[in-house]
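J.: Quick one: structure below, then a few questions.
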Amino acid sequence: MTKDCQICGSRFGDLICTYCTKSICSSCLVQEKNRCIKCDRMKKPPYKFLKRNFPFILLFVAFWFFTAGVYPFPYFIAIGKSLDPAIMQPILIASGLMAIPFTFLLVAWKKRPPTSR
């Protein structure tokens, strides 16, 4: 059974916008970005998109705080304490290693966005 497009009202609303999760037709879909024309006009992502991806955002922030807690050298530099640049090597390596899975995650989501529930 086909759904109606929630943007233009056509009978062929068989696609889903990855940002607002509305049923849309192929003429209301921006192919490069996998979102509807209304979400494409917005400068910021809709609240539903942020709410749906909140656990992943929170996970990334938690990893950053863990790394900064284990290696507190950025805080020392921020308060003006002079440090040897070689002491920053562990934090740079840890940050680089943490960025690799998130980079792959973003590339995979761009190619195949998560399905709505």
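J.: Return the sequence-ordered ³J(HN,Hα) values of region 6-13 in whole Hz as given by the Karplus equation 6.51 cos²θ - 1.76 cosθ + 1.60 applied to θ = phi - 60°, using x for Gly and Pro.
T.: 7, 9, 9, x, 5, 7, 10, x
J.: If neighbour count is taken as other Cβ atoms inside 10 Å, put Val107, Val30 in order from fewest to most.
T.: With the sparsest Cβ surroundings first, the list reads Val107, Val30.
J.: Just rank Met42, Met98, fewest to most, by other beta-carbon atoms within 10 angstrom.
T.: If I rank by nearby Cβ atoms, fewest first, I get Met42, Met98.
FYI, it's all coordinate maths here, none of it is from the lab. Everything numeric here is computed off the predicted structure, so don't read it as measured data. Cβ: placed from backbone, ideal geometry, glycine included. Neighbour counts: every protein chain shown.
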